[in-house]
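A.B. asks: Input: one structure, supplied below.
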Amino acid sequence: MRLAINIDHIATLRNARGGKEPDPLEAALLAEKAGAECIVCHLREDRRHIKDGDVYRLRKSVTTKLDLEMAATQEIVKIAKRVKPDLCTLVPERRKELTTEGGLDVVKYKASLKRSIQQLHDSGIKVSLFIDPVDEQWEASKAIGADMIEIHTGEYAEAKTKRQIEMHLSRIQTTALYAKQLGLGVNAGHGLDYENIKPITKIKEIDEVSIGYAIIVRSMFVGLENAVREMKKLITS
Ligand code: PXP
């Protein structure tokens, strides 16, 4: 299982003072040095954290893999085609949300998502769809040509009782298994942290986990490289 690090929160902190520090690119390079296998950034429509310039700088310097998380709007698709990240992860986006609040409704927005996937494929960019662990969603993802899915683990992360946790884990496991059998790549993310990651690492069909908040928070106390190494250890041991 690979570890992808989302560096949006470094940009949030930088933007708080409107200057250049801390630099999300510096964070990306340190994360790679500590063993991260992919750097993720989300260019939101409102540019609340990552800015266009960040994405171009990351593209130039990231040597592992760059995953551009984005809404499937024509404006952002155009930018992605120019930047050419290794992967685009399409997510739903609402202006007022604090963070991505759930998976894409691939069934409902099949036609427009299919068009965005085609446009990105035309530029040689792989596409992942961020979806809830629900049968119809991975079936539709495969049908419209996605290369992979990212399973939304937010509900699992927020579950309080043992029963709820097991129910969400089982949905994630089933989705991972069937999606893999269909030939889709399988990533997972949202709300994962040092406490809840272990059961996810046992699902062998998951190729990569995408983690932001927990690692950036931990980095404030132990430094970014240590925070990444600690998570890598949990994933690989
Ligand atoms: N995956 C996706 C699609 C996301 O939108 C986010 C949040 O930016 C993450 C993973 C990482 O979530 P977290 O910051 O809770 O680790």
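A.B. asks: With the requirement that a residue be within 16 Å of residue 208 (Cβ to Cβ) and either touching a helix residue (DSSP H, G or I) at 6+ places or on another chain (Cβ under 8 Å) or surrounded by fewer than 19 Cβ atoms within 10 Å (Cβ to Cβ) (or both), what does region 149-176 give you?
C.D. replies: Passing the criteria: 149, 151, 153, 172, 175.
A.B. asks: Have a look at 209, 228 and point out the one that is in contact with a strand residue (DSSP E or B) (Cβ under 9 Å, 6 or more places away or on another chain) and not in a helix (DSSP H, G or I).
C.D. replies: Selected residue: 209, the only one of 209, 228 that is in contact with a strand residue (DSSP E or B) (Cβ under 9 Å, 6 or more places away or on another chain) and not in a helix (DSSP H, G or I).
A.B. asks: Check whether at least one residue in region 128-147 is under 30 Å from residue 20 (Cα atoms) and either in contact with a Cys (Cβ under 6 Å, 6 or more places away or on another chain) or surrounded by fewer than 18 Cβ atoms within 10 Å (Cβ to Cβ) (or both), and report yes or no.
C.D. replies: Scanning region 128-147, I find no residue that is under 30 Å from residue 20 (Cα atoms) and either in contact with a Cys (Cβ under 6 Å, 6 or more places away or on another chain) or surrounded by fewer than 18 Cβ atoms within 10 Å (Cβ to Cβ) (or both), so the answer is no.
A.B. asks: Does any residue in region 188-213 that is hydroxyl-bearing (Ser, Thr, Tyr) and more than 13 Å from the ligand (Cβ to nearest atom) come within less than 9 Å, Cβ to Cβ, of a residue that is at pLDDT below 95 and part of a loop (DSSP other than H, G, I, E, B) six or more places away or on a different chain, and which pairs are these?
C.D. replies: 201/237
A.B. asks: With respect to residue 77, is the statement that it is over 26 Å from residue 206 (Cβ atoms) and touching a helix residue (DSSP H, G or I) at 6+ places or on another chain (Cβ under 7 Å) true?
C.D. replies: For residue 77, the condition - over 26 Å from residue 206 (Cβ atoms) and touching a helix residue (DSSP H, G or I) at 6+ places or on another chain (Cβ under 7 Å) - is met.
A.B. asks: Looking at the structure I just gave you, is residue 216 under 21 Å from residue 135 (Cα atoms), of a type in the set (A, V, I, L, M, F, W, C), touching a strand residue (DSSP E or B) at 6+ places or on another chain (Cβ under 9 Å) and modelled with pLDDT of 95 or more?
C.D. replies: no
The values are calculated or read from the model by the stated rules, or taken from the named source; none is laboratory data. Computed from a predicted structure; not experimentally measured. Every residue, glycine as well, gets a Cβ built from its backbone with ideal geometry; the counts of neighbours run over all protein chains shown.
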